[in-house]
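The values are calculated or read from the model by the stated rules, or taken from the named source; none is laboratory data. Worth saying up front: this structure is predicted, and the values here are computed from it rather than measured. Cβ atoms come from the backbone with ideal geometry, glycine included; neighbour counts cover every protein chain shown.
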Amino acid sequence: MKKVFSILFVAVVVTLVACSGKKSDLVAGAWKVGDMSSEAPKELPDSLKKVLEVQSKAQCEEMKKSCTFEFNKDGSYSVKMMGNQTKGKWQLSDDATQMTLVEDSTKEKAGIVSKVVELSASKMVFSMENSGLKQSLTLIK
């Protein structure tokens, strides 16, 4: 009985230690595009919404094939897509609800801010809105 209790106790301690890491530790690593979607502004005509939907699906399929993200623990990142590479710095908010990406080649310090919808060791889901266009990006390890 003592042996079973000892094994159980060790398992609980290991689980607690593993779960006590910072959320930003979950971000570090290589990621690829799992899914991507766009939602057109409501005021757009249906014909334009359909064009946007078709373009979005085609873009998603291309990104699944050619796009990779590498987030490093030191706060740097690189994105490779269609033969091009972008580098910069990333930062996750303390409450893990927002991620900011600042490209090295930009003079803007604000960067791109996305809402973090989901964050786990194997999946990250972001959402953002730009000029009325709502976008969602799912990255998977």
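Points worth noting:
- Neighbours by Cβ (under 9 Å, 6+ apart or cross-chain): first from the stretch 119-135, closer than 18 Å to Lys22 by Cβ; second exposed (fewer than 15 other Cβ atoms within 10 Å of the Cβ) and β-branched (Val, Ile, Thr): Ser122/Ile140; Lys123/Ile140; Met124/Val117; Met124/Ile140
- Residue pairs whose Cβ atoms lie under 6 Å apart, separated by 6 or more positions or on different chains, with the first residue in the stretch 73-88 and at positive phi and the second at pLDDT below 90 and not in a loop (DSSP other than H, G, I, E, B), are Met82/Ser66.
- Near pairs, Cβ below 8 angstrom, 6+ apart or cross-chain, from the stretch 57-70 (more than 12 Å from Asp35 (Cβ to Cβ) and free of Cβ contacts under 8 Å to residues at least 24 places away in the same chain) to any residue that is part of a strand (DSSP E or B) and among the hydrophobic types (A, V, I, L, M, F, W, C): Ser66/Met81
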